[in-house]
1. Using the number of other C-beta atoms within 10 angstrom as an exposure proxy, rank B:258, B:315, B:148 with the fewest first.
2. Kindly provide the chymotrypsin sites (Phe, Trp or Tyr not before Pro) of the range B:144-217 that DSSP labels as loop, not H, G, I, E or B, and whose Cβ sees at most 16 other Cβ atoms within 10 Å.
3. Restricting things to alpha carbons, find the Rg to Rh ratio for the range B:196-239 using the Kirkwood radius for Rh.
4. Roughly how large, in nm² to one decimal, is the mean projection of the convex hull of the alpha-carbon atoms in the protein assembly as shown?
5. Please compute, for the alpha-carbon atoms of the range B:1-109, the extent along each of the three principal axes and give them in descending order in Å.
6. Evaluate the charge dipole of the range B:1-143 about its Cα centre and quote only its size in Debye, nearest 20, assuming +1 on the Cβ of each Lys and Arg and -1 on the Cβ of each Asp and Glu.
7. Report, please, the projected area of the range B:139-290 averaged over directions, based on the convex hull of its C-alpha atoms, in nm².
8. Along the charge dipole of the protein assembly as shown, pointing to its positive end and built from +1/-1 on Cβ of Lys, Arg, Asp and Glu, which listed residue (B:204, A:31, A:123) has its Cα farthest out?
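Derivation of every value follows stated rules applied to the coordinates shown; laboratory data play no part. Note that the structure is a prediction, hence the values are computed from the model and not measured. Cβ placement follows ideal geometry from the backbone for every residue including glycine, while neighbour counts extend to all protein chains displayed.
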Amino acid sequence: MSKSISRDNRVSPLWAIVSAPAVWAVHFLASYLTAAIFCAKLADSDGSAGEVQLAVMSYTVIALLLIAAIGASGFRRHHHGRHSTSHDDSGRDAQRRMIGFATFLLACLSAVATLFTALVLVFVGTCH
Amino acid sequence: MRPELIDDVSQSALDPAGVGATQIVDLFHWMVGGGVVIWLIVVGLSVYSIVVPGGHRPRLTKTLVIGGGAVVPTVVLSSLLCYALAMLPELHRPPPSDSPTVKVNGVRWWWRVQYQTDDGRTIETANEIRLPVDEAVEFKLTSEDVIHSFWIPSLGGKVDMIPGRETRLKLYPTRVGKFRGVCAEYCGTAHAQMRFDVTVMPRPEFNRWLSNQSSDAREPSQQSAIRGGELFRRKGCGACHTIRGTDARGRVGPDLTHLASRSSLGAATKPNNTENLRHWITHTHHVKPGVTMPAFQALDEREVDAIVAYLEQLH
Ligand SMILES: [Cu+2]
């Protein structure tokens with residue numbers, strides 16, 4: 001009992017909201033930096049960039065797993081407690097639910113954005 | 001007075017005559033079709049919600065809002081993205097190394113065009129581009145002043161011309177004919193008159209044209225043309241214009257070595273004929289406001305006649 005109360009009083013992690021977009025941003029930077037450095041330093045004369053495609057695909061898998069985890073935890077927080085509690089009350093519970101919901105939605109958006117970033121690099125696949 | 005514009009050639013992206021333009025048209029049709037379907041669904045639903053009274057089941061409403069508002073747009077946009085991205089590798093692939101390369105510089109408000117011959121010489125012309133049909137051509141584009149954009153709607157996409165940087169564009173014309181090229185980035189007063197002629201022709205004709213362009217200007221033989229050449233020199237036209245084979249070596253304005261073989265004047269502002277050529281020299285800013293070339297209003301009739309006679313034999 002005391003444990004659950006103490007957890008209820010924990011300050012809601014506001015930064016959770018930005019964590020999924022942050023993963024997207026890091027994925028974006030990593031992908032383009034890899035492509036830029038590879039094409040400038042290592043590419044063959046025919047400009048093929050298969051290695052970049054592989055690297056971007058693995059970044060994407062990692063990023064999507066992270067985003068899925070963030071989204072799932074947001075979703076859990078959103079569904080925590082009574083279902084009828086609204087998102088815009090001033091109570092701790094409503095605050096937590098609101099942050100959970102925002103985290104979840106932003107995770108969905110970040111997943112799509114990460115996929116779009118990856119698609120470009122995977123489709124183009126050359127340094128031209 | 002209605003301006004005598006040259007609008008007899010295709011400037012339509014919906015009338016494709018090249019590989020790139022065909023793909024763009026396909027993409028356009030898919031998007032219009034998709035847009036119409038989505039529009040019909042949205043408007044249909046709004047009409048339905050107005051006409052059919054009473055509430056709707058909350059679960060169904062929620063599914064429709066999330067499905068129609070988030071899931072469907074994501075799926076539609078993703079498939080459009082994939083469809084468009086799949087076109088990119090081919091558009092970006094450099095053409096075979098033996099295909100012709102054309103260098104084009106945007107200059108306010110005309111186009112400096114340079115061809116490379118097989119023996120490594122550079123041939124300059126202006127405001128006119130000729131291409132062999134059914135061959136990939138690479139354009140190397142840059143600008144000498146502000147940002148311009150090089151666009152031949154019937155042949156393919158447009159690419160910006162940026163000062164200090166070389167951008168590339170590959171085109172693959174598939175149909176013989178005449179097309180209109182334009183500057184597609186606002187660049188000042190005469191931007192709307194910064195156009196060019198594109199002629200796609202069979203390879204043998206193209207070779208004949210290129211070998212004619214690579215020759216020096218012909219010597220005038222008629223009396224008035226000889227006098228015109230003299231006047232061209234004396235009036236200082238050569239400070240801005242090059243006529244190869246003479247001492248006119250200016251680079252401010254278009255190369256005039258084979259002016260008479262071009263179909264238009266002033267970057268495809270007017271058809272190239274005697275009357276328009278006279279008018280261009282004496283009332284330059286009337287024809288095309290803003291250009292660097294001064295109007296030579298002080299020339300008398302006979303001097304203009306002579307200069308025009310000289311320019312008109314520069315085939
Ligand atoms: Cu321009």
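1. B:315, B:258, B:148
2. B:186
3. 1.16
4. 31.8
5. Taking max minus min along each principal axis of the Cα atoms, the range B:1-109 gives 67, 49, 25 Å.
6. The calculation lands at about 1120 debye.
7. Computing the convex hull of the Cα atoms and averaging its projections yields 10.1 nm².
8. Looking along the dipole axis, the top candidate is A:31.
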